[in-house]
Amino acid sequence: MLLRATSLAVVVGALASAVTAASLWPVNDITLSILDKARSQTKELHLDYPTALSTPVLAQAGEVVKLSFKIGEHNGKKALPHQAMIRFQSKDEYADSIMVVGSVSKSSGRGRIEIDLASSTADERFKYNTRQYNMELLIGGYIQDLDSFKYDLGTIEIEAPASNPAIRPARVAYTAQPEIHHQFRPDQKLINVVVSGTFTALVLAPWLILALLWSRLNIRFEPLRALAQNPKDIFMALLFMVSLFSIETTLYSYWVGVTLFPTLQQLGVWSVVAAVSGRSALSALQKRRLQRTGGDSGAKKEL
Amino acid sequence: MALAWVASASSSLTGSRALVLLDSLDDTDSYSSFLKDLEDRHYRLSIEEVGSEIKLSKNDERNFDHLLLLTKLKSYPKGLTAKGFIEFVADGGNLLIAASPDMGTPLRELAREFDVEFDDRQTTVLDHFHYDTKLGAEKHDAIVVPASTNVLNNEHIIPQAQVAGQSILFRGIAHSVNPTNPLLTSVLWAPNEAYSWETVNLSEPAKQGPLTMMAGKDISLASVMQARNNARVAFVGSTEMLSDRFFDAQPEPISVSGAETTTTTTKNANRAFVAELTKWTFQEKGVVEVRNVHHHKVGEDLAPAHYRIKENMTYTIEMSVFHDDEWHPLIADDVQLELIMLDPYIRKTLDRIDGGEGSTLGIYTTTVQLPDQYGVFKFTVNYKRLGLTYIESITTVGIHPLRHDQYPRFISQAKPYYTSAASMAVGFLVFSFIYLWGGLDSSAKTTKKA
């Protein structure tokens, strides 16, 4: 039996500290045993306070973990405790603390704490996962001069059932949620610029042929030079070309800017200009052509 | 008159009218320190007996801002049921419930409405390893709970600095809170060796099926709830914890370590703990308000009528938190912006920028590229954290698709087509010019023949 030193009560105010001569709760014959399903003993370990188990004990799913002990006497009477429990402290990140209640016989003082891992009365938390627990035997009660008994028994590994494990209820708490990054649709895939460039060059190729053919035609711009003598004619010819160019520019801007009504206005203006100036320029050309083809004044008069 | 009222207004943002319900008005004396603390914080207390007629509201207006139930509540006050108390909370009133092992069924039912389950009748939290050698010498029921390890570490509810290193004296009933209820949190729990059992037949072992024994950390001694409307409810398993006796007692816990059992003294934290708990419950702290929300395109200052898809947008929200009678900037690193159209498309943590000295605004901002999905989006800051008012700021903004003329006009793929069209146009001009004024002899001859 372990006797303990008197405790030191700190002096509070004017109160003198009471020196108590108390002893530890008498707990003997502590035995941890593992029983299989048929309740036959597979393992038995005797424990000596305050030495803890040196190696972890293993309890398989469906087995029974049993701790038995004997309560001694105090002042000639059975020192029956009110609390006879084992606290299982899980060693994983959840740090579950499971209290298993035992019973003590009033007559014999024999105490036992049992967990039948196969039964539905066993704490659900033993079935979450195979994990290691630290066991602590707690004996306490209401007998004066007896100090509560706390014994660190050591480590036990309790196997969870392989099939149908219990599901741990998750603690729901408000926290920040993972960020979401939007997945933008990828841009439409375009043909290689080399390919489109090649075809662009092909489209421009006829210009080369045209230039080659025209160079053989001996173009001398005689009508243009002839126009130089008459400022009005050259103005009209120029205006005609400008109006054609402007009509095309208007159509281009319509294609790029897509605004219908300004386009219609501009087209209206430029087409009138083109009609008037075109008529003047073409009649000037006709006049010159008729002069050149034999000075046919008769034909001119017919017009 | 008005000035005097303003000066005496409590620091609670809900209001200063508090109703204290007691079993008997004689109990007022045993809570004198607690009630005086409340009066010092400028609460106007109405103290009533449970038996008297209580009207919590009149014409759909609350008569009180806070309700303190320091009673066993064996029966409901006249004209009031659990529904009446719940309506009081639904109207924004704050509630403090202090229970005891001999609490009545109505109080138990009321707590159950808030998902708090008190242990069976006449059970008490017992601890042979942490009882107070003076108050709990007989039944080991007055337990000394170390505040450093058994008080929830949350700066908004009970700041550790107020209670660290001290102990809380508790004698009362255990309760459990539903772990799947995020509105509810335990703020004080029992030591590992404690268990909850009837204090009858103390000389015999406590026997019970292991399923119903509440023990250790699973025993809540005090817990808090913030309803969805931000009304707050606190549960304390011990009315004695608020009493003068427990406020003034010097805790002398027995302490067992191996074979050594010693008695030490620690500082009593009951008064500080209860003060912080009531400050939180009565909305004196942890109250957050959204002051401003801005959003605009990058490079602009004003919010547009709508955005286009894939535009860059800057969002800013300014929030303040109330404590110590003043508004302070809310300081956090986990404020998140969500862009929601049925589902969240983007969720991003906002960056805090310093509002400068003396500013009461916590400014949070971020820039995001809007999704390439058009529709009516909600820019939402859903900031719900333990101990703080739930914030849900929603700005509804339309995101439009590109207009017909906002698509890219020229794509490299179509270059041959553009070139052929341009070539055609230029060709027309050049050909006209050459044909009309180039002076091709052959054309003259042809005309002549015709």
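Tabulated data for the structure shown
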read-out	value
Average other protein chain Cβ within 10 Å of Cβ, residues B:368-377	2
Cα convex hull of region A:133-247 - mean projected area over all directions, nm²	25.4
Label-to-label distance, nm, for residues given as residue A:174 and residue A:210 (7 Å Cα→Cβ offset)	7.4
Ratio of Rg to Rh over region A:213-293 (Cα coordinates, Kirkwood Rh, two decimals)	1.12
Cα centroid separation - region B:257-329 against region A:203-222, whole Å	81
A:245, B:433, ranked by accessible area, largest first (probe 1.4 Å)	A:245, B:433
Degrees, to the nearest 10: A:260-292 long Cα axis against longest axis of chain A	30
Sequence-distant residues sharing a close amide H with residue B:187 (under 5 Å, placed H)	B:222, B:223, B:224
DSSP beta bridges in chain B [antiparallel fraction, %, rounded to 5]	75
Inter-label distance, nm, simple model (7 Å from Cα along the C-beta direction), residue A:166/residue B:394	4.0
Principal axis dimensions, largest first and in whole angstrom, of region B:287-404 by Cα	57, 29, 20
For chain A, built as a Gaussian network whose Cα springs stay under 10 Å, the top-fluctuating residue of A:287, A:78, A:91	A:287
Chain-alone versus full-assembly comparison, region B:93-129, residues with accessible loss of at least 30 Å² (1.4 Å probe)	B:128, B:129
Efficiency of FRET from Cβ geometry, residue B:433 and residue A:279, R₀ 22 Å, rounded to 0.05	0.80
Unit charges at the beta carbon, dipole of region A:213-293: most positive-side option, A:266, A:286, A:250	A:286
Listed residues B:328, B:175, B:66, most fluctuating in chain B (Gaussian network, C-alpha, under 10 Å)	B:328
For region B:234-328, alpha-carbon Rg relative to the globular expectation (2.2 N^0.38 Å, N residues)	2.06
0 to 90° range, to nearest 10: angle between helix B:415-437 axis and chain B longest Cα axis	30
Percent accessible area from carbon and sulfur atoms, region B:276-341, protein chains only, probe 1.4 Å	46
Within a Gaussian network of chain B (alpha carbon springs, distance under 10 Å), most fluctuating of B:16, B:24, B:220	B:24
Calculated FRET value between residue A:145 and residue B:204, using beta carbons and R₀ = 30 Å, to 0.05	0.95
Theoretical FRET efficiency, 1/(1+(r/R0)^6), r = Cβ-Cβ of residue A:267 and residue B:369, R0 45 Å, to 0.05	0.65
Stretch gain in nm, segment residue B:148-residue B:357, where the contour uses 0.36 nm per residue and the Cα spacing is subtracted	71.9 nm
Accessible area in square angstrom per residue, chain A, 1.4 angstrom probe	59
For chain B: relative contact order, % (alpha-carbon pairs under 8 angstrom, 6 or more apart)	12
For region A:22-158, convex hull of alpha carbons as volume per residue, Å³	110
Leading residue at positive end of dipole, the protein assembly as shown (Cβ point charges), from B:195, B:437, A:128	B:437
Value of [θ]222 nm, deg cm²/dmol, for chain B, DSSP H segments ≥ 4, -39500 (n - 2.57) each, nearest 500	-5500 deg cm²/dmol
At least 50 Å² of accessible area lost relative to the chain alone, listed for region B:344-358 with a 1.4 Å probe	B:347
Size of charge dipole - region A:22-158 - debye, nearest 20, with Cβ of Lys, Arg +1 and Asp, Glu -1, no other charges	420
Gain on full stretching of the segment that runs from residue B:411 to residue B:290 - 0.36 nm per residue minus C-alpha separation	38.9 nm
Alpha-carbon spread of the protein assembly as shown, three principal axes, descending order, Å	160, 80, 45
Number of partner chain Cβ atoms within 10 Å, mean per residue of B:186-198	2
Inter-site label distance for residue B:40 and residue B:326 at 7 Å from Cα along Cβ, in nm	2.1
Only Lys, Arg (+1) and Asp, Glu (-1) charged, at Cβ; the protein assembly as shown dipole about Cα centre in debye	5900
Shielding score for B:407-413, defined as the mean number of other chain Cβ atoms within 10 Å	4
Helical contribution to [θ] at 222 nm, DSSP H n ≥ 4, -39,500 (n - 2.57), averaged over chain A, rounded to 500	-10500 deg cm²/dmol
Within the accessible area of region A:22-158 (1.4 Å probe), percent carbon and sulfur	44
Occluded residues from region A:107-123, i.e. those whose accessible area drops by 20 Å² or more once the chain is not alone (1.4 Å probe)	A:121
Equivalent-ellipsoid semi-axes of region B:1-95, from the Cα gyration tensor, Å, largest first	22, 18, 10
Quarter of the Cα convex hull surface for region B:2-281, i.e. its orientation-mean projected area (nm²)	15.6
Chain pair B, A: total accessible area buried, heavy atoms, 1.4 Å probe, Å²	8000
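The values are calculated or read from the model by the stated rules, or taken from the named source; none is laboratory data. Keep in mind that this is a model prediction, so the values were computed, not measured. Cβ atoms come from the backbone with ideal geometry, glycine included; neighbour counts cover every protein chain shown. Accessible surface is based on the protein model in full, side chains and every heavy atom, while ligands, DNA and RNA are left aside. Shrake-Rupley method; radii C 1.70, N 1.55, O 1.52, S 1.80 Å.
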